[in-house]
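A.B. asks: Sharing a structure, written as structure tokens. Questions coming.
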Amino acid sequence: MEILQLLISGISQGCVYGMIALGFVLIYKATEMVNFAQGDLMMFGAFISFTFLNLLGWPFIPGVLATLGLMAALGVLIERVLLRPMIGEPPFAVLMLTIGLGFMLRALAGAIWGNKPRALATPFSGGVIRFGELVIGYENLAIVAGTAILCGLIFLFFRYTRLGIAMQAASQNQLAAFYVGIPVKRIFALVWGLSAIIAATAGILVAPVSLIDPLMGSVGIKAFAAAIVGGFGSLPGALLGGLIVGIAEQFAGLYLPAGFADTSAYLILLLMLFVRPEGIFATLQRKKV
Amino acid sequence: MTERLFQAENLSVSFGGIRAVQDLSFSVEQGEIFSIIGPNGAGKTTVFNLISRLYDLDRGRMIFEGDDISGLAPHQIAERGIARTFQNTELFERETVLNNLLIGRHIHRSTRLLDEFLFLPGVRRQELEFRKRVEDVIDLLDLQPYREQIIGNLPYGVRKMVEVARALCMEPKLLLLDEPSSGLNPEETEDLSYWLEDINEDLGITVIMVEHDMNLVARASHRVLALADGLALAVGAPSEIQNHPDVLRAYLGD
């Protein structure tokens, strides 16, 4: 029973890592840049939803939609203002820029909302479901359900929509995408918007469980490890990597000495790099000679 | 009197100190196959990159169907009806041939996001129509055996034809072919010349082709433009160009 309980909290935590990892992978696949501010975007999304839902007292659904809309706009704005001038610059410069962006977002959040941890009250805060000895919080259910719905929508988006298919095309071959009539630059901005939406969703779902504070984005580093475990560049891999890291963390917390819980993500990453460096769902093909 | 489809006026572009193309003017009539030849570094591919707006012009302008297209974005060029292929192929390597051809229909797709999420009948109808158009192109270029294969696993010659096929799926008015025969064996090149005829005569597509294989050029094209060092040497029927003194000098030296 204890194992099942751990598994459930592991899955819900893993979903959060998975969602942030999705954001990493999306941006990387489309633009070949790694956005280290992904965790901070999640934090910012959580604060914005906190503003709408708790400070302004909006009902849940409109508040969430407003948050997602605002975050999408922020994502597009970041691409347009900060990343687009960096086209053609070395990847390392872009990486430093996104790390700096993370610092800025943290400082901005601290300046606007203060550094004290805040709790987000949502319709699914506080309640629990019991199956015998098993206790599942509504928040955890909401995370799992939210992740499942989000992934379903993302799947439909990439499978069926003109825009989703254009995004895939732009991420595979920019030149070819241009010449079949896809506005690649606009697509990149939209990819950033989509990643910000995913990050904000993660933020809204995780906020009732962990408190909101400007440093909550630091889980982004674990999510980055999760993305690599999954095979950077694969969307299902990102989710699976997140789940593996989340579950391992819970078990390490109980069965291993103190300190292992927080390092388990990196231990798994290290192990993965030894055994199968291309990740679970490898997308990088070796060049045929 | 044939109609003028594309016109280049005084195209000039330099990269640093290298004048890649200088004051180049030519025009392409509706329905012709127009070849551009010249030694390596003559500026042939540069002309293509100018037309498809990968490079910005320093001077001059390009007119397509009466409109100045010198300032359009690359994706707008596709919307106008100009398709191209690349010397070394630019395909979506990890996708099937079919998916590569379907994305060629991108500019013709008119369904809306919400309808697509719900997969409404209109979306379904359009997908079916696209599939039919793509199948027509597959039949035309004999790509049936490769339909479900991943591009990365296909031989070079087939990839080149897939790229031509993708361009045809766009239903272009003007098709730019960058060295279509490079890397093809003699039989494949032979097939290519028949397909060029089909594309030009049956589908009515005007073609501008950069090509080294003089046999192919002589057999397929109506007019030929010879370039050397970014300058136009001569333009005319293939037989005239092959015996033109300036062209011979550029190729063979004095």
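Laboratory data are not the source of any read-out in this text; all were calculated from the coordinates shown. Note that this is a predicted model, so its numbers are computed, not measured. When we count neighbours, we look across all protein chains shown, and the Cβ atoms used for this are built from the backbone with ideal geometry, even at glycine.
A.B. asks: Under 1.5 on a/c is rounded, so check that first for chain A, then, if it is not, pick prolate when a/b is larger than b/c and oblate when it is not; a ≥ b ≥ c are the square roots of the alpha carbon gyration tensor eigenvalues.
C.D. replies: In terms of gyration-tensor shape, oblate.
A.B. asks: Something else now. Which value in nm describes the separation of the simple spin-label points at B:Asn185 and B:Arg147, placed 7 Å from the Cα toward the beta carbon?
C.D. replies: 2.6 nm
A.B. asks: How large, in Å, is the range B:91-171 by the Kirkwood hydrodynamic radius built from its alpha-carbon pairs?
C.D. replies: Evaluated over the range B:91-171, this radius sits at 13.1 Å.
A.B. asks: Report the calculated FRET efficiency for A:Arg118 and A:Val275 (r = Cβ-Cβ distance, R0 = 51 Å), to the nearest 0.05.
C.D. replies: Between A:Arg118 and A:Val275 the formula returns 0.80.
A.B. asks: When N is the residue count of the protein assembly as shown, what does its C-alpha Rg come to as a fraction of 2.2 N^0.38 Å?
C.D. replies: Normalised Cα radius of gyration, the protein assembly as shown: 1.16.
A.B. asks: With runs of 4+ DSSP H residues as the only contributors, calculate the mean residue ellipticity of the protein assembly as shown at 222 nm using -39,500 (n - 2.57) per run, divided by the residue total and rounded to the nearest 500.
C.D. replies: -17500 deg cm²/dmol
A.B. asks: Defining a contact as two alpha carbons under 8 Å apart and six or more residues distant in sequence, what relative contact order in percent does the range B:91-171 show?
C.D. replies: 56 percent
A.B. asks: Continuing with this model, one more query. What does the charge add up to near B:Gly31, with Lys and Arg as +1, Asp and Glu as -1, over the other residues with Cβ less than 13 Å from its Cβ?
C.D. replies: Neighbour charge sum, excluding B:Gly31 itself: -3.
A.B. asks: Calculate the length of the line joining the C-alpha centroid of the range B:60-84 to that of the range A:229-285, in whole Å.
C.D. replies: 49 Å
A.B. asks: Counting only C-alpha contacts under 8 Å and six or more residues apart, can you give the relative contact order of chain A as a whole percent?
C.D. replies: Answer for chain A is 36 percent.
A.B. asks: To continue, here is another question. Using alpha-carbon pairs under 8 Å, 6+ residues apart, how would you state the relative contact order of chain B in percent?
C.D. replies: 27 percent
A.B. asks: Sticking with this structure for a sec: By DSSP, what percent of the beta bridges with both residues in the protein assembly as shown are antiparallel, rounded to the nearest 5?
C.D. replies: 60 percent
A.B. asks: Amide H neighbours of B:Ala20 under 5 Å, at least 5 residues apart or on other chains, H built in the peptide plane: list them.
C.D. replies: Amide H neighbours of B:Ala20, under 5 Å, 5+ apart: B:Val13, B:Ser14, B:Phe15.
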